[in-house]
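Before any comments, here is the structure.
Derivation of every value follows stated rules applied to the coordinates shown; laboratory data play no part. Note that the structure is predicted; figures quoted are calculated from it, not measured. FYI the Cβ positions are ideal-geometry reconstructions off the backbone, even for glycines, and counts take in every protein chain you see.
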Amino acid sequence: MSYIPSPAFSYNLSPEGFSSYVCPSIFYKDGSLKPKDVLENQLLGWMKEALEEGSSYLKQCRAYQDIDKAIDIITSQVQSDLPISISKIFVPSIKRDVKEMVAILANIRPSWLYETRAFKNQEWAKQARIQNGLSADWYNKEFVDRRIKSLLQLGIVEGTGYISPIWNPSLNGLNRGGIELKLYRYDEFFPIQVPKDFNIQNSYAGIISDEMGINRARKVFPHKANLLIPDRGQSKLGRGLISSAAKGFWDSIWKADSQRVKTSSGPVIDIFYSYIDDFQINPLHSPYQMGESSWGYEVPYVGQQIPDGFNQDGSIRTKKASYEDCYLYPNKRLVIASRTAILYDGPSYWWHGRIPIIKYSPDDWIFSYLGFSMAAEVSSMQNSSNKMRRSLEDALHLTIDPPMAIDETMMSKTASEKTSLRIPGRRIRGKLAMGDFMKPITSPEYYRPTPQHFDAVQEVETKIKEILGLPDLKALQQAKQVPSSDSIEKFFSQAGAIVTDMSRSMDKPMYELADMNRYYFYQFYTLEDRIKILGEDGITEEDFDFVPGSLIPASLPNEPKKNYRTGEIDNLNGIYLSKDMERAKKHIRNFKTTIHPTSLHQITHMSRKLLLMQASKLNPLLVDPQTLAEALDIENWGRLDGDTVLEKVQAAMKIQEKFGLSSQFHQGLIQLLLQSMAQNASPEGQLQGAMSSIADAIKGGNGSNPLTANPVGRPPSLETEPRLLNKPGDRTTLASSSTTTE
């Protein structure tokens with residue numbers, strides 16, 4: 001059964017037919033447009049209710065109550081009600097462990113790839129390579145790993161963090177745009193009517209709260225600058241606001257205009273970006289224009305004859321527009337607002353049609369939208385550890401300066417309270433002939449800690465690391481430099497199930513990030529941008545068609561050129577009339593984003609390297625040199641012609657044959673030159689031995705062509721998983737026999 005209503009009753013599903021829960025329509029029920037002031041007042045009312053709904057939903061999550069506790073832990077909030085006379089030692093062991101976890105998990109290898117779905121289309125394959133090149137350049141130049149580190153801090157400490165990839169037209173200066181990664185905390189994104197699987201892309205709406213300085217907001221939205229009013233005197237991240245009272249800051253900051261915080265960095269305002277899955281359709285009996293620039297399009301009405309592709313002869317295929325063809329907001333509706341003004345209402349800017357935000361929760365559970373704080377989970381253990389440390393410190397002080405009993409006839413109360421035997425050289429007057437006038441109440445040995453006391457502290461702190469998964473993470477970090485004699489079984493044993501799951505939980509956010517970027521490359525990157533980054537390799541055939549500088553084809557498949565005024569076919573002097581967004585939607589579907597599970601932290605990378613090396617020895621047709629070089633992280637190796645592995649192997653064979661014939665003469669000359677240098681004891685001549693070793697390695701050790709000759713040595717038995725072994729003469733080999741030893 002379809003969830004999409006039929007056109008016969010689609011008009012009755014206008015949002016104006018519902019009393020609540022939906023964003024107000026731009027049309028009245030009779031199809032007339034609402035006045036701008038009426039619509040904006042309704043939108044402000046809806047947004048206020050939506051924010052309250054979203055905030056209430058977050059507070060009902062089981063993980064919500066522990067977030068303040070976690071922030072206190074990281075900011076090293078020390079218990080302040082301790083007596084002055086006892087120890088106040090505080091060891092932030094959780095903070096130290098979290099810092100190490102973040103450092104290890106942030107050390108990722110960007111392993112996502114853009115691939116074409118049609119292997120035989122050379123131009124599409126080149127576009128996929130261009131997308132990969134743009135992605136690599138963006139990752140390195142924008143220090144993306146540092147932003148991922150911040151996302152990890154939010155996720156591990158607060159339980160949930162968000163990262164938002166958007167196109168900022170002034171990221172690198174005026175009119176010098178780029179893909180910006182913005183970070184948001186757990187309470188800066190409000191899901192509205194989110195489904196039970198917590199997929200925010202399937203929620204009715206998602207509201208992003210973006211805090212910015214008031215003057216920055218007025219610069220970004222100059223047309224409504226006079227309506228923008230500060231919400232607070234300083235940022236929510238200002239000193240003193242993140243504490244156990246963080247959730248009540250709304251009432252404590254702005255009691256009156258005269259009571260602003262003196263340490264304020266300046267007034268700030270919250271700008272709300274509401275992305276709405278608005279299902280209203282065009283109620284008119286004529287097409288309706290929506291949006292502008294690259295996100296503009298024309299919406300048909302239900303029953304209108306609309307193009308549905310082109311026949312081989314260039315004639316247009318048509319169909320009747322259905323309900324889903326007539327959505328006013330097929331890529332979501334975007335409402336930008338402050339608490340006092342609507343700043344934008346229209347189609348979303350982004351071709352990917354999603355809410356541009358990605359959720360990350362390393363400790364997520366099916367019964368809570370917000371993930372649980374890993375720091376808060378072990379807070380009681382840190383408290384216990386610090387209590388024991390304070391007790392130990394107090395005990396050590398008592399052994400040095402134990403409580404003393406003083407003869408009240410020998411020393412006044414005031415003098416006895418001020419007297420301390422810990423001060424070197426202290427002299428105390430007393431009548432020793434009458435016996436002890438000062439002595440310990442209890443033997444100092446009574447207070448002396450035992451080794452078991454110190455072991456108890458160590459045991460608790462070790463358990464904290466174990467619960468956080470830090471030992472496994474350390475093993476994972478060390479596994480990136482596995483000794484050559486280690487087997488793959490040992491390698492995988494170093495990455496426990498929990499660590500593998502932690503790494504896997506990062507795959508989805510990174511995939512979504514890469515997939516959104518793919519659309520930005522098509523929507524915003526110009527030919528000039530690509531040439532600056534990739535040189536001539538950034539140019540495609542599409543750059544010289546009707547839309548100069550765009551990766552998008554100038555026409556749809558089989559689309560004819562038409563006269564702009566009459567609409568008649570004119571392949572000689574006409575132009576293509578299809579819209580950018582229409583062509584982009586069809587063209588981008590020819591590509592896909594892929595990411596191998598746990599490849600970000602190279603958990604499977606070592607096994608992939610060894611297996612590819614083994615496969616290249618088993619049969620040269622199984623792996624081409626380019627694939628092997630990329631797996632071995634050999635930078636700037638080059639590219640082979642072809643899209644499949646087999647095509648690249650064939651290209652490599654042709655190069656090898658050509659190189660083998662043409663280079664023999666040059667190799668002879670080089671050999672004679674090196675011999676001459678060796679006879680003259682020149683430094684260059686000393687390289688001859690090394691050159692010979694390299695040549696033997698390239699030829700497989702027997703002067704044969706590695707792509708055509710039989711492999712050297714015994715055939716692999718494959719009794720065990722392959723492992724690297726050291727051999728005499730500084731050689732290495734891949735062994736798969738259970739009896740093979742170093």
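Observations on the structure shown:
- P(r) tail for the stretch 93-181: Cα pairs beyond 15 Å make up 70% of the total.
- The label point for GLU211 and the one for TRP365, both projected 7 Å from the Cα toward the Cβ, are 2.9 nm apart.
- Nonlocal amide H pairs with PHE198, under 5 Å, H built at 1.01 Å: none
- Cut-off under 5 Å, modelled amide H: who pairs with TYR344 long-range: ILE336
- Estimated vicinal HN-Hα couplings, Hz - the stretch 184-198 in sequence order (Karplus 6.51, -1.76, 1.60; Gly, Pro = x): 9, 7, 4, 9, 10, 9, 10, x, 10, 6, 6, x, 5, 8, 6
- For PHE310, nonlocal amide neighbours, meaning residues 5 or more places apart or on other chains whose placed amide H falls under 5 Å from its own, are ARG317.
- Full-stretch length increase - LEU284, ASN619 - with 0.36 nm per residue and alpha-carbon distance subtracted: 114.0 nm
- Exposure proxy ranking for LEU622, LEU646, LEU473, based on other Cβ atoms within 10 angstrom of each Cβ and starting from the fewest, stands as LEU646, LEU622, LEU473.
- Set LYS182/LYS320; LYS182/LYS332; LYS95/LYS332; LYS332/LYS508 screened for pairs whose C-alpha atoms are more than 31 Å apart: LYS182/LYS320; LYS95/LYS332
- Cross-link pairs beyond the 32 Å C-alpha cut-off, checked among LYS359/LYS586; LYS319/LYS359; LYS387/LYS474: LYS319/LYS359
- FRET E, pair LEU171, SER315, Förster distance 56 Å, beta-carbon r, rounded to 0.05: 0.80
- Table column - 3J(HN,Hα) (Hz), the stretch 97-108, Karplus curve with 6.51, -1.76, 1.60, x for Gly and Pro: 5, 5, 4, 5, 4, 4, 4, 6, 5, 6, 7, 9
- From phi via Karplus (6.51, -1.76, 1.60), per-residue ³J(HN,Hα) for the stretch 152-166 in Hz, x at Gly/Pro: 5, 4, 5, x, 6, 7, 8, x, 8, x, 10, 10, 10, x, 9
- Label-to-label distance for TYR446 and LEU183 is 5.3 nm, based on points extended 7 Å past Cα in the beta-carbon direction.
- Relative exposure of VAL157, VAL102, VAL645, judged by other C-beta atoms within 10 Å (fewest first): VAL645, VAL102, VAL157
- This ranking places TYR288, TYR446 by how few other beta-carbon atoms lie within 10 Å of each, fewest first, which gives TYR446, TYR288.
- Using 0.36 nm per residue and subtracting the Cα-Cα separation, the extra length available between ARG109 and LYS658 on full extension is 194.1 nm.
- The simple spin-label model puts a point 7 Å past each Cα toward its Cβ; for LYS126 and ASN199 those points are separated by 3.7 nm.
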